[in-house]
Number of protein chains: 2
Amino acid sequence: MPDLDRLETYRTDQSKLGQALSQLPATFPRPQEAYAAPFGVVGFGEGWWPAELLAQRIPATLAQGTTFVLAGGFGLGRLQGLITAAREASSRVVIAGPGEEAEIKVDFHPLSPYRYLRFVLEASGESALGSEIDAALMAERERAEPKVATPENPAKLLAWTLLERTPIWVVSERYPMLAPALQQLFARIGKSLSIAPPPSALEFFISALEARHEQGDPLLAVVIGEDEATELALEVLETRVAGIERLAPPKARGAIPEAVAYWYRMAWVSYYLALLYGADPGDHEVMARLREAAQ
Amino acid sequence: MPDLDRLETYRTDQSKLGQALSQLPATFPRPQEAYAAPFGVVGFGEGWWPAELLAQRIPATLAQGTTFVLAGGFGLGRLQGLITAAREASSRVVIAGPGEEAEIKVDFHPLSPYRYLRFVLEASGESALGSEIDAALMAERERAEPKVATPENPAKLLAWTLLERTPIWVVSERYPMLAPALQQLFARIGKSLSIAPPPSALEFFISALEARHEQGDPLLAVVIGEDEATELALEVLETRVAGIERLAPPKARGAIPEAVAYWYRMAWVSYYLALLYGADPGDHEVMARLREAAQ
């Protein structure tokens, strides 16, 4: 098995995802002008999760003032219709994304959800919230970077725990849609399968492993946040899955900074996991091919 | 293995879920009065998916006129705050659910999402759409009922195909949120695990099986609908999963009737699968216990 505390292990990271991870906090496109309220936001592709997070502050709809369109790749022809509708409804439409139609350039990248989020926060008068997020990410980075040796590095330790396991995300309702965001991140960087429950997750946790107990054997419940539903789910799951791993709370204040901090920590974990499997944690060739096919 | 064409196999169905399945089309609480537009809808627990479907017709929000609250169990204390907010915003609040606060009684049941949906359609002037749904369900029932022998019964055949496999739902964007709805149904009735992808599913399908090809061994891609993203996903998945099963389109017109018809067909499939595993397809005792704990 590769040693995460040896430099040569990091040669597998041909696409330099580790560097992008280290540099992520506070790296995003800065607005060059003032935009008029009221604000709205719509997102797809890599933009779906930032749009969900932003919907806690900015309506997830076309606004009369400024609508931010987070056009995160794999448009499959939907983008043009959306832009037309936004231009009819809003006095200003700001498109962010990797494509030619975007005035705010955000490259197609596993970490782009953070960049979309931060740009819109800055552009919509929420820079204080943005700074809270960045502070939370910097605190995560301090403990998760490669130079922190495995025994003191929670991200490296969790990667080892997840090796040859399939995570099932058990997430407090304080962080809606974080589970599918982690499922996506863990696939994109960790190149591995995980299970996000449907809404009304308790029903699912109670019954999904009833018929075939062996389906629980490879599963590791990864627990984020604390609430009554989560505790009830764990009561059921603890006898059915291989293990339960509770993530320590991040140094952050507020549901959005906490959610983004968990996401960033899991990005590090996914990165280390890919290295343990000997896989380049960045995008592979098939992703680029499909991105072109799915303009 | 139990024989799905022998009557004694159905003794396992202690909770009479088969009867509820057969009787489902057109069985729902009828509105006893006229409600005033504009309409809004919010849902949780078993009400989350009908609220998502209805959001294609009725805003998913508190309306000035009538707000329908689909209070589908596992409230965990959220219900009261929601009702208070709805009463402030709307001139009329109609609560449907199993609890005491509900004026429209909908029992806690695996098939209740249909009942919530149909009640609200009928109560909001969408009874034509409701009838389309019922016709689609009746057409499904004709081929899926126990009296139709296995060789002619697509639901029984699909249950056999899914035996000892884990479905991964590959669903066209024509049916948003159908994948998690099926994940929930397959757990609740089939007592089995399945995988719903996150939004922007193509990214996930491309990368989730890269590091450990053996993670694809138990997976069966169940394909619903046809579009470019689905075809691109299958191009990637076909070499990585154990098999691909394309569902035949239902006899239905329009995205909502089609989605509900697929859901109803998969309810039958999940029912037969539970019987093949020798499990009662209805709710088991732990569900009732947790429902009480999670008022």
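What residue, of B:31, B:25, is surrounded by fewer than 23 Cβ atoms within 10 Å (Cβ to Cβ), touching a strand residue (DSSP E or B) at 6+ places or on another chain (Cβ under 9 Å) and over 24 Å from residue A:201 (Cα atoms)? The unique qualifying residue is B:31. Of the residues screened, residue B:164 is one that is outside any helix (DSSP H, G or I), modelled with pLDDT of 95 or more and surrounded by fewer than 24 Cβ atoms within 10 Å (Cβ to Cβ).
One residue stands out among those in region B:264-279 that are more than 20 Å from residue B:113 (Cβ to Cβ) and not small (Gly, Ala, Ser): the one that is surrounded by the most Cβ atoms within 10 Å (Cβ to Cβ), which is B:275. Looking only at residues in region A:206-258 that are within 8 Å of another protein chain (Cβ to nearest Cβ) and hydrophobic (A, V, I, L, M, F, W, C), which one is surrounded by the most Cβ atoms within 10 Å (Cβ to Cβ)? Checking each candidate, the answer is A:208.
Give region A:154-166 a look and list any residue that's without any contact (Cβ under 8 Å) to a residue 60 or more places away in the chain and not hydrophobic (A, V, I, L, M, F, W, C), or say none. Hits for region A:154-166 are A:164, A:166.
Applying the selection to region B:91-122, what residues are among the polar types (S, T, N, Q) and surrounded by fewer than 22 Cβ atoms within 10 Å (Cβ to Cβ)? Result: B:91, single match. Restricting attention to region B:1-40, the residues that are outside any loop (DSSP other than H, G, I, E, B) and within 25 Å of the chain's Cα centre (by Cα) total 13. So, residue B:203, is that one surrounded by fewer than 20 Cβ atoms within 10 Å (Cβ to Cβ) and either at the interface with chain A (Cβ under 10 Å from one of its Cβ atoms) or not polar (S, T, N, Q) (or both) or not? Spelling it out, it is not the case that residue B:203 is surrounded by fewer than 20 Cβ atoms within 10 Å (Cβ to Cβ) and either at the interface with chain A (Cβ under 10 Å from one of its Cβ atoms) or not polar (S, T, N, Q) (or both).
Name the residue that is farthest from the other protein chains (Cβ to nearest Cβ), counting only residues in region A:164-186 that are of a type in the set (Val, Ile, Thr) and closer than 16 Å to residue A:233 by Cα. The selected residue is A:170. Of all the criteria given as (1) modelled with pLDDT under 95; (2) facing chain B (nearest Cβ under 8 Å); (3) more than 18 Å from residue B:289 (Cα to Cα), the one not satisfied by residue A:195 is (1).
Condition check ((1) among the small types (Gly, Ala, Ser); (2) within 18 Å of residue B:176 (Cβ to Cβ)) across all residues:
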position: B:50; (1), (2): no, yes
position: B:57; (1), (2): no, yes
position: B:60; (1), (2): yes, yes
position: B:71; (1), (2): yes, no
position: B:80; (1), (2): no, no
position: B:87; (1), (2): no, no
position: B:90; (1), (2): yes, no
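Of everything listed in (1) more than 10 Å from chain B (Cβ to nearest Cβ); (2) more than 16 Å from residue A:137 (Cβ to Cβ); (3) at pLDDT below 95, the single unmet condition for residue A:284 is (1). Filtered by the rule that a residue be in a helix (DSSP H, G or I) and within 12 Å of chain A (Cβ to nearest Cβ), region B:41-80 gives B:48, B:49, B:50, B:51, B:52, B:78.
The values are calculated or read from the model by the stated rules, or taken from the named source; none is laboratory data. Since we're looking at a predicted model, the values are computed, not measured. Cβ sites come from the backbone with ideal geometry, for glycine too, and all protein chains shown count toward neighbours.
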